[in-house]
Amino acid sequence: MSDRQQIEEQATPAKIQVSRAFSLVWIVPMVALLIGAWLTFQAISEKGPSITISFVSAEGLEAGKTKIKYRDVDIGQVEQITLSKDLSHVTVTAKLDKGSEQYLTDQTKFWVVRAQIRGGSVSGLGTFLSGAYIGIDPSKTGTPTQTFTGLEVPPVVTLNQPGRHFRLKADSLGSLNIGAPVYYRQIQVGQVVSYGFGQDGKEVDVQVFIEAPHHVRVTENTRFWNASGVDVTLNAQGLKVHTQSMISIVGGGIAFDLPNDTPPGKEAQKDATFRLYPDFSSIQEKSYSVRSYWMLLFDQSVRGLSVGAPVEVYGIKVGEVVNLDLEFDADIKKFQIPVIVAIEPERIRVVNRKDATKTEDDHKALIEWLVEQRGLRAQLQTGNLLTGQLMVNLAFFPESPKMTLGQQDGYLVVPTIAGSFEQLQESLIKIIGHIEKVPFDQIGSDLRQVLQTTQSTLQQIGGLAGKLNRETTPQLQATFTELQKTLIDLQRTLGKDSPLKYTTQKTLEELTQTLRSLRDLVDTLENRPQSII
């Protein structure tokens, strides 16, 4: 047995014990780990959201410097600016302060603030020194998102401002722009905050903001009109010029008020929709809910007649033209122009009506009676001598040929008659036709013969005058000489100192004396008749 084996047999077996005490060596890394976790949690919890905004260009923007501001307070900063893959726009990545998450919805708007002039006011002058920044119009309503499309035209921020928003429907925008003023009796009480197309794409939707306390002046009967430029009206009362201010002339504007003799009605609620009228005079026109559509078939030129032209009775508007077209009737081989007009019966006040109920049959019966018994006809007339625009005039012609009320394509067909201008044109055509029948060639030939005869006669008269001058004039001259001598002799005979005159004078004196003596004798005999005895 070797020594090693002996030692192993005599040695006591070792006992292995597991230590359960915590070593102080691990305290430091654990504390460092907890501090790091706390700092990480605090950094993550205090970190604001990251968003991306798309702009057409990055003009004035700079990564790491450009701020995002709301009411001139920094709430974020641009971190990165990159181009899109198709190079159509730029993508701006920005960090916002914590707490702004609730305002990041699809209704929130971003735009770049630069120095500009809009709505008659100057804004963004501070960017000349500090540089451009990104403005925000936050909104809690909508779907949360972190991707936005920046606006090219800065909006008007009205969040938390006392007042009320309203929507206006218009056929066209005109010269209106964001920031354009809204007036009430020529005092600015609001402004245009946005505009765009309506849901159907056929109208323009304009949103305005009316500041408190003026928003209560907007009622259900209020009417808005486009106050841009100058409204000039020329009528029988003379020339009228209507405008709100110099700002509205240059940059556009909107005004609102109640039409004449119209009650205010109830106060309009937020986002109430109104019609935007084109001018001030149009808001005074009454609106009518009932419309009757007629068809007028013309076989003459309608140049100057357009959609919107008035339809009048005795000079008072009762409707307007809504459509006109050109069609060819294959049966009669003739062109005709169907003009559709909208008649508003409420414009005509009916008096002395026994039956208060009105039906569609009553309306048709009335039109039928007017057409067949009173001779109601439609004709084109000149509405404006300067522009040549036409209008439709409804007049009564009892002596016109009898016609009946027709119906075509669901419209009542009212007979038409040629207008005064067409009648004048037809008269002129008839006159020209009669003039064309005059034989001007034969008359010219006859006149030529008359002229030749006259010329020959004049030549003969000239020859006769020459003969008289040659033969008769000397004899006449001799006769005049003899006559002159005779007159001289007669003057000598009857002159002042002539013997004949002296003898005649003496004879007259003696005759006068004789008559005087005879008068004395007669007087004596009358007074003393016995003297004759």
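The values are calculated or read from the model by the stated rules, or taken from the named source; none is laboratory data. What you are looking at is a predicted structure, and each value in this text was computed from that prediction instead of being measured. Methodologically, a virtual Cβ is constructed for each residue, glycine included, from the backbone with ideal geometry; neighbour enumeration extends over all protein chains shown. Just the protein is used for accessible areas: all its heavy atoms, side chains included, with ligands, DNA and RNA removed. Shrake-Rupley method; radii C 1.70, N 1.55, O 1.52, S 1.80 Å.
For the range 191-226, filtering for residues that are more than 20 Å from residue 279 (Cβ to Cβ), surrounded by 12 or more Cβ atoms within 10 Å (Cβ to Cβ) and among the aromatic types (Phe, Trp, Tyr) leaves 1. The residues in the range 321-346 that are open to solvent by 70 Å² or more (accessible area, probe 1.4 Å) and either in contact with a helix residue (DSSP H, G or I) (Cβ under 7 Å, 6 or more places away or on another chain) or not in a loop (DSSP other than H, G, I, E, B) (or both) can be counted, and the count is 5.
Specify which of the listed residues (88, 84) is open to solvent by 50 Å² or more (accessible area, probe 1.4 Å), at pLDDT below 90, polar (S, T, N, Q) and over 19 Å from residue 155 (Cα atoms). 88 is the lone residue from the list that is open to solvent by 50 Å² or more (accessible area, probe 1.4 Å), at pLDDT below 90, polar (S, T, N, Q) and over 19 Å from residue 155 (Cα atoms).
Can you list residue pairs whose Cβ atoms sit under 8 Å apart, with the first residue in the range 400-422 being of a type outside the set (Ser, Thr, Tyr) and open to solvent by 100 Å² or more (accessible area, probe 1.4 Å) and the second being at pLDDT 85 or above and not in a loop (DSSP other than H, G, I, E, B)? Count only pairs 6 or more apart in sequence or on different chains. Within 8 Å, the pairs are 402/372; 407/413; 409/295; 421/380. For the range 163-190, filtered to residues that are touching a residue at least 40 places away in the same chain (Cβ under 8 Å) and hydroxyl-bearing (Ser, Thr, Tyr), the residue that is most open to solvent (accessible area, probe 1.4 Å) is 175. Per the listing 93, 52, the residue uniquely touching an Asp or Glu at 6+ places or on another chain (Cβ under 6 Å), closer than 17 Å to residue 149 by Cβ, open to solvent by less than 100 Å² (accessible area, probe 1.4 Å) and at pLDDT 85 or above is 93.
Checked against the criterion of being surrounded by 13 or more Cβ atoms within 10 Å (Cβ to Cβ), at pLDDT below 85 and assigned to a loop (DSSP other than H, G, I, E, B), the candidates 354, 364, 358 yield just one match: 358. When restricted to residues that are out of contact with any helix residue (DSSP H, G or I) (no Cβ under 6 Å at 6 or more places or on another chain), among the hydrophobic types (A, V, I, L, M, F, W, C), part of a strand (DSSP E or B) and surrounded by 15 or more Cβ atoms within 10 Å (Cβ to Cβ), the range 301-320 contains 2.
The residue that is modelled with the lowest pLDDT, counting only those in the range 142-156 that are closer than 13 Å to residue 101 by Cα and part of a loop (DSSP other than H, G, I, E, B), is 142. Kindly evaluate residue 298 against the criterion of being open to solvent by less than 30 Å² (accessible area, probe 1.4 Å), within 21 Å of the chain's Cα centre (by Cα), at pLDDT 85 or above and hydrophobic (A, V, I, L, M, F, W, C). Criteria not met by residue 298.
Of all the criteria given as (1) in a loop (DSSP other than H, G, I, E, B); (2) within 27 Å of residue 93 (Cβ to Cβ); (3) at pLDDT 80 or above, the one not satisfied by residue 134 is (1). Would you confirm whether any residue within the range 243-264 is at pLDDT 75 or above and in a helix (DSSP H, G or I)? No, the range 243-264 contains no residue that is at pLDDT 75 or above and in a helix (DSSP H, G or I).
Among the residues making up the range 265-293, those that are part of a strand (DSSP E or B) and either modelled with pLDDT of 90 or more or open to solvent by 40 Å² or more (accessible area, probe 1.4 Å) (or both) are 267, 272, 273, 274, 275, 276, 277, 293.
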